[in-house]
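The values are calculated or read from the model by the stated rules, or taken from the named source; none is laboratory data. What you see is a predicted model; the values in this text were computed from it and never measured. Counting neighbours? That spans all protein chains shown, and the Cβs are built from the backbone with ideal geometry, glycine included.
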Amino acid sequence: MSKNADEKRVKILEAAKRRFAHYGMAKTTMAEIAKDLSFSKALLYYYFPDKNSLYSAVLEFVVEEFDKETRQHIMGLAQTEEAVLTLLSKRMDFIKRYYYIIEYTLLNRKEVSQDLEGVLINAFEMHRKMIGDLFRKGMESGELHHMDEEECSRLFLFATMGMRMMVMQDLRTNFIPSKDDFDYILAMQKKLAVIFINGLRK
């Protein structure tokens, strides 16, 4: 792909991200995204054949943005607990910023395309690896017991994600959680993280 074509693709992703984040996927049309960019619909469809493929690409774009914004910062923190708690806070801030993209749209989808499934699997693995790297760093510094960091990071991620999803299941699908709801979930996740990390300490 040429540099010019790549720049156009990024512009489309940025415009779609803004639309999806504000209105959600269901209330966003390809025509609106094209109009925002002063692009023809034909050009938009050249890069993305339908809205589902565009949504998958936007979700992947957002996941990569989170990784870039978060990894370097948390890996620079000395203590595992501080790093993990910071990661949880940043993750929640990101979910709030892109709620319609990360949570709301996914919760309302009855079917998941193969492309989207691949993005979700890669997003989970990226997040798991970030946590695993923190655990490995803690082992190397002597702060944590030796462990299988891949297994422990997977268990930790399932536990914190499960806690969030249990709260979300009690909400109507067309209801956006309040700030208090988000704060409650984050506080519970942080309590779990402290207990989890204390169990890994020497």
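Structure notes:
- Among the residues of the stretch 42-59, not a single one is more than 22 Å from the chain's Cα centre (by Cα) and polar (S, T, N, Q).
- The residues on offer are Arg71, Arg91, Arg136, and the sole one that is in contact with a helix residue (DSSP H, G or I) (Cβ under 9 Å, 6 or more places away or on another chain), surrounded by 15 or more Cβ atoms within 10 Å (Cβ to Cβ), closer than 22 Å to Tyr184 by Cβ and basic (Lys, Arg) is Arg91.
- Filter result for the condition that a residue is at pLDDT 85 or above and assigned to a loop (DSSP other than H, G, I, E, B), over His146, His127: His146
- Residues (in a loop (DSSP other than H, G, I, E, B) and without any contact (Cβ under 8 Å) to a residue 24 or more places away in the chain) located in the stretch 1-54: Met1, Ser2, Lys27, Thr28, Thr29, Ser38, Ser40, Pro49, Asp50
- When the stretch 188-197 is filtered for residues that are surrounded by fewer than 12 Cβ atoms within 10 Å (Cβ to Cβ) and more than 18 Å from Met147 (Cα to Cα), only Lys191 remains.
- Residue count for the stretch 166-187, restricted to those that are at pLDDT 85 or above, surrounded by 15 or more Cβ atoms within 10 Å (Cβ to Cβ) and either more than 20 Å from Leu87 (Cβ to Cβ) or not β-branched (Val, Ile, Thr) (or both): 2
- Residue within the stretch 64-79 that is in contact with a Phe, Trp or Tyr (Cβ under 7 Å, 6 or more places away or on another chain) and part of a helix (DSSP H, G or I) present: yes
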